[in-house]
1. So, of the residues in the range 121-160 that are in contact with a Ser or Thr (Cβ under 8 Å, 6 or more places away or on another chain), among the β-branched types (V, I, T) and not in a helix (DSSP H, G or I), which turns out to be nearest to I29 (Cα to Cα)?
2. Cβ-Cβ distance below 7 Å, separation of 6 or more or different chains: which pairs start in the range 100-120 with a residue that is over 12 Å from V79 (Cβ atoms) and end on one that is in a helix (DSSP H, G or I) and open to solvent by less than 30 Å² (accessible area, probe 1.4 Å)?
3. Go through the range 191-202 and give me each residue that's crowded, with 19+ Cβ neighbours inside 10 Å and in contact with a strand residue (DSSP E or B) (Cβ under 6 Å, 6 or more places away or on another chain).
4. I need every pair where a residue in the range 1-22 that is more than 13 Å from R201 (Cα to Cα) has its Cβ under 7 Å from the Cβ of a residue that is at pLDDT below 95 and basic (K, R), sequence separation at least 6 or different chains.
5. From (1) in contact with a Gly (Cβ under 8 Å, 6 or more places away or on another chain); (2) open to solvent by less than 20 Å² (accessible area, probe 1.4 Å), pick out the condition that doesn't hold for L139.
6. Which of the residues spanning the range 76-87 are farther than 24 Å from M177 by Cβ and either open to solvent by 80 Å² or more (accessible area, probe 1.4 Å) or in a helix (DSSP H, G or I) (or both)?
7. Need pairs with beta-carbon distance below 8 Å; first residue under 17 Å from M161 (Cβ atoms) and within the range 122-141, second surrounded by fewer than 23 Cβ atoms within 10 Å (Cβ to Cβ) and among the polar types (S, T, N, Q); sequence gap 6+ or separate chains.
8. State all residues of the range 19-70 that are closer than 19 Å to L167 by Cα, in contact with an Asp or Glu (Cβ under 8 Å, 6 or more places away or on another chain) and of a type in the set (S, T, N, Q); if no residue qualifies, say none.
Amino acid sequence: MLKVNSVYKSFHHICILNGISLGISKSEILGLAGPSGSGKSTLLRCMQGLEKPDGGFIERNGKTGFMFQDFQLFAHMTVMQNLLYAPSVAPGALREKKEEYEKRAVTILENLGIASKSEVYPKSLSGGQKQRVALARSLMVKPDILLCDEPTSGLDVATTMDVVALLKSVCETGVTMVIASHDLDFLTKISNRIVLLKEGRIVINIEVPKFDDPVAFLKEYY
């Protein structure tokens, strides 16, 4: 579904990704863990095409959607306007009638439990609601692969568990996911497999169910 082949990336002569190779299967939820500066977000951005690798290449079999860490909702647009704008600017933009976009937006908002917020502006939303809107917007482009950067950043425990349930429900529709997070407990609850990066290299690549306490195991490599 997605293959990373010997990818290198540097910024200002500092190596961020140092020969990363990684394969991700269809409908898999892959967790990207690692300390700050390990290359998680940079790898996601390369997967999406927001950054170009200095070496190596990335193969994508399908359309990608990206969920930003800071939401990046347009403050001057309502929730519905944010969702309707997304397909028009996405790579390989969808070519559908406005009515079809609107119908899809309503369905997604209903599924995420925020249909009542469709006409409000982002400033009126809580952190958890903004997170749901960001997820809804990324789903508007009908992604085969969903890339999420710190989707639980700043959320409380209850809201984090809501995000876990939401992302699992999205995966059940056949969407492949790559999720970068510093929250190991969150990643071990949602991921089929976890890759831990350190100094731009993969140091751990494990299937989560094989470990009784994967959080403690992963922390040993930080």
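The values are calculated or read from the model by the stated rules, or taken from the named source; none is laboratory data. In this text, all values refer to a predicted model and were calculated from it rather than measured experimentally. Neighbour counts run over all protein chains shown; Cβ positions are idealised from the backbone, glycine included. We work out accessible area using only protein heavy atoms, side chains counted, and drop any ligands, DNA or RNA first. Shrake-Rupley method; radii C 1.70, N 1.55, O 1.52, S 1.80 Å.
1. Filtering the range 121-160 for residues that are in contact with a Ser or Thr (Cβ under 8 Å, 6 or more places away or on another chain), among the β-branched types (V, I, T) and not in a helix (DSSP H, G or I), the one nearest to I29 (Cα to Cα) comes out as I145.
2. Y101/P87
3. Scanning the range 191-202 gives S191, I194, V195, L196, G200, I202.
4. Filtered contacts from the range 1-22: M1/K26; L2/R60.
5. (2)
6. H76, M80, Q81, listed by residue number.
7. Taking only residues 6 or more apart or on different chains, the pairs are G127/T159; G128/T159; Q131/T159.
8. S41, T64, Q69
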